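Worksheet for the structure shown next.
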Amino acid sequence: MTEHEGFTQLVLSVFRLNGLLITEGDSLSQPLGLTSARWKVLGAIEHAPQTVSQIARTMGQTRQSVQRIANELEKLAIVSFEDNPGHKTAKLIQRTEKGRELFDQLSELLPPWSEAALEGITEQELATTLKVVAKLVSHFEKS
């Protein structure tokens, strides 16, 4: 297999994995009234409030799709829009108490899910995979 063919297979595998993760994430989060898309937004603001644009860049989504999800989450009282001292019009999205509780509940579901997903994968294989993915992310963020 040439380098080009290997890269093509990697890209196709990542696309497939992304679809499978979305499906699995939807199944995992559905009992809590969430979806993978909503989970992504909640995860992006885990440590600090962010703007829609910041979340979109971090998650590789369009600003419009993140705005739509943020609006849905606000209607459900899972997030709130707060004034941004660094920008007059770009509001900060932050979790409400309900949002924190939902994210905590979801976090409790992750250990058995990740253990099952990583069965048969060594720590070294996972570390190598993470290193390669991080290099690819860095390359495409620069382009």
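Laboratory data are not the source of any read-out in this text; all were calculated from the coordinates shown. Treat the numbers as computed from the prediction; the structure is a model and nothing was measured. Here the Cβ positions follow ideal geometry from the backbone for every residue, glycine too, while neighbour counts run over all protein chains shown.
Which of the helices in the chain meet the span-like rule: DSSP H, Cα axial reach of 27 Å or more, Kyte-Doolittle mean at least 0.0? Could you put the intermediate results ahead of the total?
Details: long enough: 3-29 (38 Å, 0.28); 97-117 (30 Å, -0.66); 123-142 (29 Å, -0.04).
Both cut-offs are met by 3-29.
Restricting attention to region 1-136, the count of lysine pairs at 8 or more positions apart or across chains with alpha carbons under 22 Å apart stands at 7. For L34, no residue whose modelled amide H falls within less than 5 Å of its own remains once neighbours fewer than 5 places apart on the same chain are excluded. Solvent-free Debye calculation, one equal scatterer per alpha-carbon of the chain: log10 I(q)/I(0) at 0.18 Å⁻¹ equals -1.18.
For region 25-86, compute Rg over Rh where Rg is the Cα radius of gyration and Rh is the Kirkwood radius from the inverse mean 1/r over Cα pairs. Radius of gyration over Kirkwood radius for region 25-86 works out to 0.95. For the peptides 48-56, 130-138, the ranking by packing is 48-56, 130-138, with the highest mean count of neighbouring Cβ atoms within 10 Å listed first. Length gained on full extension, K88 to E108: 3.5 nm, using 0.36 nm per residue less the C-alpha separation.
Can you tell me the order of 61-73, 83-95 when each peptide is scored by its average per-residue count of other Cβ atoms within 10 angstrom, highest first? Working shown, then result.
Values: 61-73: 16.8, 83-95: 13.7.
Descending packing order for the listed peptides: 61-73, 83-95.
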